[in-house]
Amino acid sequence: MRGSLWAIDPYYLHDQVIHRNLQVQEQLGITFHANGGPELGSTIYALSTAPGRAGIAVIRISGPGARSVYNGLSPGKTIPQPRYAAVRTLYEPHGAPSRQNMLDSNALVLFFPGPRSVTGEDVLELHVHGGPAIVKAVLSAIPKCSGKTGSIRYAEAGEFSRRAFFNDRMDLTQVEALGDSLSAVTEQQRRLSVRGTISNLTKRYESWRQLLLSARGELEALIDFSEDQHFDESPAELIASVAQQVLELQQSLQAHTRNAVRGELLRNGISISLLGAPNAGKSSLLNRIVGREAAIVSPEAGTTRDVVEVSVDIGGFLCRFGDTAGLRRALNLPTEDKSEVRGQDIGIVEQEGIRRAKARAAESDMVIVVLSIEADSSSPALKLDEEVLDTARTLFGEGRSVLIVVNKIDQKPPELPTGKITEAIQAAIPGLQSEDIHLLSCRPNTTPQANTPFPGDGISSFLSGLVTTFHAMTRAVSASDTDASIWQESLGATERQRLLLEECDEHLTLFLEVGGHAVSGSGHRNESHVDQDTEHTFAEEGGEVDFVLAAEHLRNAAGCLARITGKGEQGDVEEVLGVVFERFCVGK
């Protein structure tokens, strides 16, 4: 298992990997292969576990020289039976075994002959004691075992997975899912990565590609042989039939794309902004959520000036909270109806904090608006700040997920029923649902059991409501397909895959436009569906279909799908492999 050093998003890894490679190179005097291509004839090795002191360290060797490495490190001992572990003493190569040249007295050795191995090549795994000196000595000895089988060199980042891909042990979507598995830190991220490790998504993408290749073949047959051969369908009937298939495929593509966006919330974390007036309790709420003093809490208004970023796992979801400056309207700023000028005298620094708060909220996946019960000259009442409400209404109208938290509910007078509070908020933000309004108190618990929420504080209920909202935000949408599992798995599509799906959808839209089928600006076909009268459309309009251009759009669409899996003549494999594999750490 990887230590905490490597339990991070793999997208961080490129500069970290360079640093680690340079460290190993400096220690062992290794010259790294860096021609950018898969040198499959060589033998590679790497430390597959985290560097540093540990109980066990795993060193992996892959390539035709794996047996030579074993014979060099454990002379006179037969190689273990494939896929069975054996204990061996490891020695410095090219010398008689003795106590003086012993590397590790009890190493666990496993051998996996190709092609039935993780890389498709001969693979040797050495499970040695995890002391840094032992690991360094074994790594230094491995390249000395090279012989007739060719060079033995330290692996590049992701090179084991690269070889697995080229030897058909993994497809590109599975490689990316492996990267997600290595970086998963929350339960939802783990579930997301597991979905992608099976090949169902690849099979679906490949079936779509084959459908487009078949449709393209029909059009090209019409182009090449229309004058010599008799076809059962007229050109108009053929283009109408292909268009119907394309329309159905577009529905599935667009559902997959929407699910991929939802999956990115699980992979990258849900961005949440806390908005509210000064002293409404935003920082107190953040501290209660994360369980520590992440933000400064003070009775003085305007304590928070910049955005305070904090990440936390809530119910298995990675959440990235941003505590922002309190919103209030400055002097000389007109109200929404421009009937009067109201505001407060605030400084330039606080104005910049308010601007950043609104910008952070506009980029967030969810906004938590914090209101509060405040005591005035008469009695405590719900404070509805117009600047806060204006911002909340704007965000809600833009489709942002908005939750309302009413803080300091412990100050609510008995004559103010909670129903009235909910009604007032819903009147201020039309369309907001009552289940999106939470009443709580962030008042610190002064009882002996300081970490236990006191009765009625509402924090536990609020967190449960958050998790419910997270599930709704990341629930897979489906098209007309009856297989529900494929839509769950489409949540695991990466950003690279999503962008290629969107590009594929654009090419299909261009195909429909060339074919004379009206498509809306959103990429959807208008209500005039393909029907029996379609063949008359072009004759009535006096136009003709450019079958060559239509076939080209289908070819480009199929190429996008091929680039997702890295297979097919349009795969352009080398373009994407570097981007995918450079994100892995060395040894994977």
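Tabulated data
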read-out: Top-ranked residue of segment 543-569 - restricted to ones that are small (Gly, Ala, Ser) and surrounded by 20 or more Cβ atoms within 10 Å (Cβ to Cβ), ranked as modelled with the lowest pLDDT; value: 566
read-out: Failed item in (1) in a helix (DSSP H, G or I); (2) modelled with pLDDT under 85, with residue 328 passing the rest; value: (1)
read-out: Unique match (being under 19 Å from residue 158 (Cα atoms) and surrounded by 13 or more Cβ atoms within 10 Å (Cβ to Cβ)) among 50, 137; value: 50
read-out: Residue match in segment 397-408 (condition: modelled with pLDDT of 90 or more and part of a helix (DSSP H, G or I)); value: yes
read-out: Helices (runs of 4 or more DSSP H) within segment 470-542 that include 3 or more residues modelled with pLDDT of 80 or more; value: 495-514
read-out: Positions within segment 87-134 being of a type in the set (Val, Ile, Thr) and outside any loop (DSSP other than H, G, I, E, B), in sequence order; value: 87, 89, 109, 123, 128, 134
read-out: Hits in segment 53-95 - residues which are of a type outside the set (A, V, I, L, M), without any contact (Cβ under 8 Å) to a residue 60 or more places away in the chain and surrounded by fewer than 18 Cβ atoms within 10 Å (Cβ to Cβ); value: 75, 76, 77, 78, 81, 82, 83, 84, 89, 94, 95
read-out: Matching residues in segment 157-189 - criterion: being under 13 Å from the mean Cα position of the chain (by Cα), outside any loop (DSSP other than H, G, I, E, B) and touching a residue at least 24 places away in the same chain (Cβ under 8 Å); value: 173, 176, 177, 178, 179, 180, 182, 183, 188, 189
read-out: The listed residue being at pLDDT 85 or above, farther than 23 Å from residue 363 by Cβ and of a type outside the set (S, T, N, Q), out of 247, 266, 275; value: 247
read-out: Only one of 228, 224, 232 that is among the charged types (D, E, K, R), outside any loop (DSSP other than H, G, I, E, B) and modelled with pLDDT under 85; value: 224
read-out: Residue 109 being among the β-branched types (Val, Ile, Thr), crowded, with 20+ Cβ neighbours inside 10 Å, at pLDDT 50 or above and in contact with a strand residue (DSSP E or B) (Cβ under 6 Å, 6 or more places away or on another chain); value: yes
read-out: Residue 185 being out of contact with any His (no Cβ under 8 Å at 6 or more places or on another chain), outside the structural domain of residue 64 (by TED's automatic domain parsing) and surrounded by fewer than 19 Cβ atoms within 10 Å (Cβ to Cβ); value: yes
read-out: Matching option when the condition is among the aliphatic types (A, V, I, L, M) and within 23 Å of residue 155 (Cβ to Cβ), among 87, 109; value: 109
read-out: Residue identified as over 30 Å from residue 566 (Cβ atoms), of a type in the set (S, T, N, Q) and surrounded by fewer than 17 Cβ atoms within 10 Å (Cβ to Cβ) among 98, 146; value: 98
read-out: Tally, over segment 165-211, of residues that are more than 30 Å from residue 474 (Cα to Cα) and aliphatic (A, V, I, L, M); value: 0
read-out: Tally of residues being out of contact with any strand residue (DSSP E or B) (no Cβ under 8 Å at 6 or more places or on another chain) and surrounded by 19 or more Cβ atoms within 10 Å (Cβ to Cβ) across segment 315-329; value: 1
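Residue-by-condition table, conditions (1) modelled with pLDDT of 90 or more; (2) over 11 Å from residue 275 (Cβ atoms):
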| residue | (1), (2) |
| --- | --- |
| 346 | no, yes |
| 365 | yes, yes |
| 370 | yes, no |
| 377 | no, yes |
| 389 | yes, no |
| 395 | yes, no |
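The values are calculated or read from the model by the stated rules, or taken from the named source; none is laboratory data. The structure presented is a predicted model; accordingly, all values stated were derived computationally and were not measured. We place every Cβ from the backbone using ideal geometry, glycine too, and count neighbours over all the protein chains shown.
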